[in-house]
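Each remark here refers to the structure printed beneath this line.
The values are calculated or read from the model by the stated rules, or taken from the named source; none is laboratory data. Since we're looking at a predicted model, the values are computed, not measured. No Cβ is skipped: glycine too gets one built from the backbone with ideal geometry, and neighbour counts run over all protein chains shown. Side chains included, ligands, DNA and RNA excluded: accessible areas come from the protein's heavy atoms. Shrake-Rupley method; radii C 1.70, N 1.55, O 1.52, S 1.80 Å.
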Amino acid sequence: MDTYLIPGLDGIAYGLLLAIAAAGLTLAFGAGGVLNLAHGTLIAAGGYVAATTSTGTWPSLAAAVTAATVVGAAGGGVLAAATARLRGRGHLDQALLTFGIALIGADLLTTVFGADIRRPRLPAALDTTLTIAGHPYPADRLAALTAAVIITTIGYAVLHRTRAGRLIRATVDDRHMVAGIGVNPRAVDTTVLVVSGALAGLAGALCTPILGVGPATAPTTLLLSLVIVVCGGLGSVPGAVVAAIGVGLVQTIGVITIPALAPYLLLSAMALLLLTRRRPLPGMPG
Amino acid sequence: MTTRHVDAVDHIPSRRDPADIGRAHDTGLVATGLYHAHQRLTVLDLDSFAIAPGDRHAVIGPNGAGKSTLLNLLAGSTRAQTGTITYQGQTITRRGAAWRARAGIGRTFQHPTVYPGLTVLDCVRMGGWHHRRNPDRVPLELLELVGLTGHADYPATTLSHGHRRMLDLAVALAGQPRVLLLDEPAAGLTDTDLTRLLDILGTLPGWMAVILVEHHMDVVAALADWITVLHHGRRHLDGPADHVRADPTVRTLHLDSAEAGHAARP
Amino acid sequence: MTARLPLPHRWDDLRRWVPWLLPLGAATTLAAASDGYWPATVARMLPLALLAVSVATVTGAAGLPTLGQVAPYAAGAYTTARLAMAGHTLAPVHLTAAALAGAFTAGLLGMLLVRHRGTVVLMLSLAVAELTTITATQWRTVSGGTDGLAGIPAPHLLPGTPPLTADRPVLLYATAVTVAATAATMLLLHRHHLLLTAVRGNETRAAASGHPVTTYLWLVHTGAGAIAGTAGALLIHTHRWITPADVGFDTAALALLAAVIGGTHSPPGAAVAAVLVLGVRDVAAADWPGHAPLLLGALFVAAVYLLPGGLTAALTRLRAEIRRVRATRRPEPLPAASRRTS
């Protein structure tokens, strides 16, 4: 049982963090109308920044997480500026542009940070193992999980209990309608991509204790985020969270137990859900 | 004649002759138990709807009454949540729009869109998919019928709104439908176009069944022999055309929508 | 009035493709004429060129942007490799088997992909590209794992002819296959040009007129899979080795880039663009090794910004501009017939 406990915990934490990132992706697509294929690159950028900024002290940890979020937001801003000129040209051109930026970004990240997997240096207090109810848990995983749960709860509360949250949900559902109530669409597009980038950077930073960050992070997290968005859909944050936890568990436990099948599992689930889905995905024409 | 309170759960029965309904079951289009809701809002709740070859059946009602939904359900572009639809005795509820079109159910659209990138003539050619080996005779004749012969070689996107409606009609007729569903064909038409529309509708063959969703009462008066009035998704009234048009409750319902229709005209 | 109306616009789409024959012919002639480096290098670019044709077909004609044609490409390549290593070395057999394998793979995947549109397809096809590499890596009996397959026997054109090992014959053979496959694609797409344009432009109206839209798109996708499979066979015939990396995401991205640069509605444009992109990449790889993704990404960004519609559309705009300039120079008014768009 214990052999699966830590990977299980990892899976839930990883899943929740991916859910945060996937929320950013859905936001960008539904409200911003941009399929952001550079999303994984932003997650990886956040991860790299966090891994190199955190030197083992609590202030540096805080700085690392903040820096990652800011870098992600900045990346989102760059994407917003880049895609702004392509507004009239349709989804494909914007997606291809973000694709090109993702390729450039991946190259830059590997050039700057090297090709090894990086892990952050955490404060000594987090580098220990806690024993709860007779089972050992690494403190850093618990911290990441706690952070993920807090962020997800705040996110849910904001989305469903505040006026701003309702506006965001309305924009994701129908971008053009929102313009009708006086919201400037260009401001929405920029804000949405910046927020999406910030979420990606934050998620990337918090994922580093679990799986580290390396050259494979960007394409893997992009793909997983896409799977979560497709499987969970929006309109139901619980659905997305469930899908995300499923994805996280497959990536951690599944990779240990059925390594050959794990990738197919996720993609088959996505394919199956797409085949049986009745309602179109948010932001996409039926 | 008393008007039933529209929120009553019981369905107001159709006044159609059972013999006619039987005929429709064998040779026409019949829908039973149609219920369509959108996020807990009832859009359509119709226990039965039948049309036989040769019928000219109008569906009227204020905005939001469920008329377009009914048309979309019959055409197959909206999937029926509950209920059964049969055509010539065969159940077609699960069949998609393309299958139904090939079976003989044609339609026009409320907002006529053309095929971008194609000429007007090509659009009509596309309408008669199963006439691939036919000469251009049928498309050219249809263009002449709707008055677009001069535009045949021009890009379809250059057409005005009224001409697009005519093109949509030609495209629908090119499929040689046995049941034609018309979704507000008169909306936004100038008087000249309206006259032409009435002429065209008058030339439709006697064996064709036509279901007309319309706000414009002149078109309804000219074409329909049977009218169903929908309100809040349910049947408010139905009966022979002159009977329904004379009903005072229908006038009230329709006066609102007619005014709305006039206001909406450019 | 029953006279048949003239249809001057009908052959426009084919006429658009004629300009590509010139650089294609020039490149091949030059390569075949020179020695050493060029014939082999150009020959090795042709499999990707044909893959780009396949991607352009699905992205342009079917309107489904795809990174997933590497799956039928891989199917064709590994079928060819296994046939050759099992002793069956006839090129026509390879080409047929590869095309069938590609069509079968694309047919299967198409059943999922063609139900969706636009960027959802791009997303799904990204997953397909990833899965292709994963499958190729894991299916060791077919693919040889991460090490791949090497020393694959050369094909024979006909029974009794010598194997195609020398650079110049391989180049001529690969060019012939690429040109033939591209020409076949162009002719088929032209024949159904009206149908495909209509279905892409207004799917709802087409369906309401009885057209089985999803079936049409599936047919295009499957046919493109046959082309991709053929490209896979060419990969083996020109390289005689293969690793899972050859049929993965990078290849898919290259093919899509070539299709975008060449113009998604122009299969021959995509082929030429593929050769161009690979040429640029090879030059860059010599000077800045290890930065191929950067170059590729920059090319993508540049292509999207500067060439909406690809080189084909740019050429069309150029021709229209030249025509306009010429027309404004003429003193007399234009005849009424010129009002029609070409």
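Of all the stretches in chain C, which is the longest one without any exposed loop site, taking trypsin sites (Lys or Arg not before Pro) in a DSSP loop (any state but H, G, I, E, B) with at most 14 other Cβ atoms within 10 Å?
Details: sites that count: C:4, C:10, C:340.
Longest run free of exposed loop sites: C:11-339.
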key: Kirkwood hydrodynamic radius (C-alpha pairs) into Stokes-Einstein, the protein assembly as shown, 20 °C and 1.002 mPa s, D in µm²/s   = 70
key: Accessible area expressed per residue, the range C:18-328, with surrounding protein chains retained (probe 1.4 Å, Å²)   = 39
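Determine, from the Cβ-Cβ distance of residue A:162 and residue B:218 and an R0 of 56 Å, the FRET efficiency 1/(1 + (r/R0)^6), rounded to the nearest 0.05. All intermediate terms of the calculation are to be shown ahead of the outcome.
Numbers: r = 51 Å, r/R0 = 0.92.
For R0 = 56 Å, the calculated efficiency reads 0.65.
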note = Here the relative contact order (percent) of chain A, from C-alpha pairs under 8 Å and at least 6 apart, is 39
ask   = Considering chain C as a Gaussian network with a 10 Å cut-off on Cα pairs, which listed residue, C:114, C:272, C:304, attains the greatest mean-square fluctuation?
value = C:304
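Quick one: if the Förster radius is 60 Å, what FRET efficiency do residue A:133 and residue A:184 give, using the C-beta to C-beta distance and rounding to 0.05? Before the final figure, lay out the partial values.
Working: r = 53 Å, r/R0 = 0.88.
FRET efficiency, residue A:133 to residue A:184: 0.70.
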key: Approximate spin-label separation residue C:147-residue A:170, in nm, with each point projected 7 Å along Cα-to-Cβ   = 6.4
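What FRET efficiency would be calculated for the residue pair residue A:115, residue B:35, taking the C-beta separation as r and a Förster radius of 60 Å, to the nearest 0.05?
Working from the Cβ atoms, E equals 0.50.
When the Kirkwood radius is taken over all Cα pairs of the range A:14-123, what Stokes-Einstein diffusion coefficient follows at 10 °C and 1.306 mPa s, in µm²/s?
Working: Rh = 14.8 Å.
Diffusion coefficient, whole number: 107 µm²/s.
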query = So which residue, out of C:123, C:186, C:45, gets the largest mean-square fluctuation from a GNM of chain C using Cα contacts under 10 Å as springs?
reply = C:123
key: Between helix A:262-276 and chain A: long-axis angle, C-alpha atoms, 0 to 90°, nearest 10   = 30
task = May I ask for the angle, rounded to the nearest 10°, between helix C:267-287 and the longest principal axis of chain C, with both axes built from Cα atoms and the value confined to 0 to 90°?
result = 50
request  = Would you mind checking the tilt of helix A:2-30 against the longest principal axis of the Cα atoms of chain A, expressed as 0 to 90 degrees and rounded to 10?
outcome  = 20
inquiry  = Please report the net charge: other residues with Cβ closer than 14 Å to the Cβ of residue A:53, K and R +1, D and E -1.
reply    = +3
key: Gaussian network model of chain B, Cα within-10 Å springs - most flexible of B:193, B:45, B:20   = B:20
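Taking a cut-off of 28 Å, what percent of all Cα-Cα pairs in the range C:182-326 are separated by more than that?
Working: 3417 of 10440 pairs.
Across the range C:182-326, Cα pairs with separations above 28 Å total 33 percent.
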request  = Measure off 7 Å from each Cα along the Cα-to-Cβ vector at residue B:15 and residue C:37, then give the distance between these two points in nanometres to one decimal.
outcome  = 9.1
ask   = Which distance in Å, rounded to a whole number, links the C-alpha centroids of the range B:71-121 and the range C:109-133?
value = 28
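Beyond 35 Å, how much of the Cα-Cα pair distribution for chain C remains, as a whole percent?
On the way: 13898 of 58311 pairs.
Tail fraction, whole percent: 24.
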Heavy atoms of residue A:207: accessible area, 1.4 Å probe, square angstrom to 10 = 10
key: Kirkwood Rh in Å, taken over all unlike Cα pairs in the range A:87-196   = 18.5
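Convex hull over the Cα atoms of chain B, averaged projected area in nm²?
Taking the Cα atoms of chain B, their convex hull projects to 14.2 nm² on average.
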ask   = Exactly which trypsin sites (Lys or Arg not before Pro) in the range A:75-179 are in a DSSP loop and have at most 13 other Cβ atoms within 10 Å?
value = A:85
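Per the Kirkwood treatment, what hydrodynamic radius in Å, one decimal, follows for chain A from the mean inverse distance over all distinct Cα pairs? Before the final figure, lay out the partial values.
On the way: mean 1/r = 0.0524 Å⁻¹.
One over the average 1/r among Cα pairs gives 19.1 Å for chain A.
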key: Under the Debye formula (equal points on every Cα, no solvent term), log10 I(q)/I(0) of the range B:172-252 at q = 0.16, 0.20 Å⁻¹   = -0.67, -1.00
note = Answer in debye to the nearest 20: the dipole magnitude of the range B:18-264 about its Cα centre, from +1 Lys/Arg and -1 Asp/Glu charges placed on Cβ, is 1020
inquiry  = Between the range A:1-63 and the range C:146-178, how far is it from one alpha carbon centroid to the other, in angstrom?
reply    = 48
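Total accessible area buried between chains C and B, 1.4 Å probe, in Å² to the nearest 100? Numbers along the way, then the final one.
On the way: alone 17740 and 12910 Å², together 28160 Å².
It comes to approximately 2500 Å² buried between C and B.
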task = First compute the accessible area of the protein assembly as shown with a 1.4 Å probe, then give the percent of it belonging to carbon and sulfur atoms.
result = 64
Part-to-part distance (alpha-carbon centres) for the range B:160-197 and the range C:43-93, which is given in Å = 47
key: Helical contribution to [θ] at 222 nm, DSSP H n ≥ 4, -39,500 (n - 2.57), averaged over chain B, rounded to 500   = -11000 deg cm²/dmol
inquiry  = At a probe of 1.4 Å, how much accessible area disappears from chains A and C on forming the pair, both sides counted, to the nearest 100 Å²?
reply    = 3100
task = Would you compute, from DSSP H runs of 4+ residues alone, the mean residue ellipticity of chain C at 222 nm, taking -39500 (n - 2.57) per run and dividing by the full residue count, rounded to the nearest 500?
result = -24000 deg cm²/dmol
